[in-house]
Amino acid sequence: MTDRRVRITRSTERLRKVSDDLFSSLETEAQDGTALLEARAAALATPIQRPPEDELDVVLFALKGERFALELSFLSEALRLRTLSILPVSLRPALGVSTARGELVTVLDVPELLGLKASGMTDQGRLIVLEGDSGRLAVLADRVDGVAKVRPAELIPANQTPWGDQPLIVGVTPDGVTLLDAEHLISTLHSEKSRGLDDK
């Protein structure tokens, strides 16, 4: 199975999980059992659509006044940021450590990597947890704006935008959303961790 088809399968699994979570919430909160059954029947009658080969499902988020996207197949979860233990500057690009459902996760300092202003924790901050072949990490977001579809063929290369020749960026959509390379972000963090261990 090609990497592209594996990512499509992951996207489908994420969409199924979102649907299952929605029904779980409805079962807890709904007062009208008939409405719940009708909603479930309608959803089951609608087949889950696999994205066309020329489209990517992405999660949209805002950070430091910029709009970003990450491929949905890498998304583990998105949740409110509650705690962030800042790490020493010598360990950058790792910004700090937070928790996601009781497990520790390293938070990558994306703004620093992209040359934006330093990250900071706010009461309204969000944590986007990513998981890929190289490992697991999280990035901060000022807000999460939902999911959308991106056509890779329409992306403007990073070196033709104000970002310049930036390997962490796949490209920029015509409406100004910057698509980040999730696997590159994950491998960047874990390669830096390995380098740090080698230096000790």
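The values are calculated or read from the model by the stated rules, or taken from the named source; none is laboratory data. Because the structure is predicted, anything quoted here is derived from the model rather than measured. Here the Cβ is made from the backbone with ideal geometry for all residues, glycine too, and neighbour counts use every protein chain on show. What goes into the accessible areas is simple: the full protein's heavy atoms, side chains included, and nothing from ligands, DNA or RNA. Shrake-Rupley method; radii C 1.70, N 1.55, O 1.52, S 1.80 Å.
Return yes when GLU77 is in contact with a helix residue (DSSP H, G or I) (Cβ under 7 Å, 6 or more places away or on another chain) and in a strand (DSSP E or B) and no when it is not. Answer is no for this residue.
Just checking, does the stretch 56-68 include any residue being modelled with pLDDT of 55 or more, in a loop (DSSP other than H, G, I, E, B) and farther than 21 Å from LEU116 by Cβ? Looking for residues that are modelled with pLDDT of 55 or more, in a loop (DSSP other than H, G, I, E, B) and farther than 21 Å from LEU116 by Cβ, one finds none in the stretch 56-68, hence no. Among the numbered conditions (1) more than 17 Å from ALA182 (Cα to Cα); (2) in contact (Cβ under 8 Å) with a residue 24 or more places away in the chain, the only one that VAL105 does not meet is (1).
SER119 fulfils the conditions (1) touching a strand residue (DSSP E or B) at 6+ places or on another chain (Cβ under 7 Å); (2) modelled with pLDDT of 90 or more; (3) under 18 Å from PHE61 (Cα atoms) except for a single criterion, (2).
Suppose the filter is within 22 Å of SER187 (Cα to Cα) and touching a Lys or Arg at 6+ places or on another chain (Cβ under 6 Å); does SER85 pass it? When the stated conditions are applied, SER85 does not pass them.
Can you find, within the stretch 71-87, the residue that is modelled with the highest pLDDT among those that are of a type in the set (S, T, N, Q) and more than 18 Å from the chain's Cα centre (by Cα)?
Step one: of the stretch 71-87, the residues of a type in the set (S, T, N, Q) are 73, 76, 83, 85.
Those left that are additionally more than 18 Å from the chain's Cα centre (by Cα): 83, 85.
Working: THR83: 88, SER85: 92.
Once the filter is applied, the top-ranked residue is SER85.
In this structure, is GLU112 modelled with pLDDT of 85 or more, open to solvent by 70 Å² or more (accessible area, probe 1.4 Å) and touching a Pro at 6+ places or on another chain (Cβ under 8 Å)?
yes
A count restricted to the stretch 140-162 and to residues that are assigned to a strand (DSSP E or B), open to solvent by less than 70 Å² (accessible area, probe 1.4 Å) and more than 11 Å from ALA62 (Cα to Cα) stands at 3.
Does GLY132 qualify as being open to solvent by less than 70 Å² (accessible area, probe 1.4 Å), at pLDDT 90 or above and either in contact with a His (Cβ under 6 Å, 6 or more places away or on another chain) or not polar (S, T, N, Q) (or both)? So that I can check it myself, show each step before the final result.
Details: open to solvent by less than 70 Å² (accessible area, probe 1.4 Å): yes; at pLDDT 90 or above: no; either in contact with a His (Cβ under 6 Å, 6 or more places away or on another chain) or not polar (S, T, N, Q) (or both): yes.
No.
Of the residues making up the stretch 96-109, those that are of a type in the set (A, V, I, L, M) and open to solvent by less than 10 Å² (accessible area, probe 1.4 Å) are ALA100, VAL105, VAL107, LEU108.
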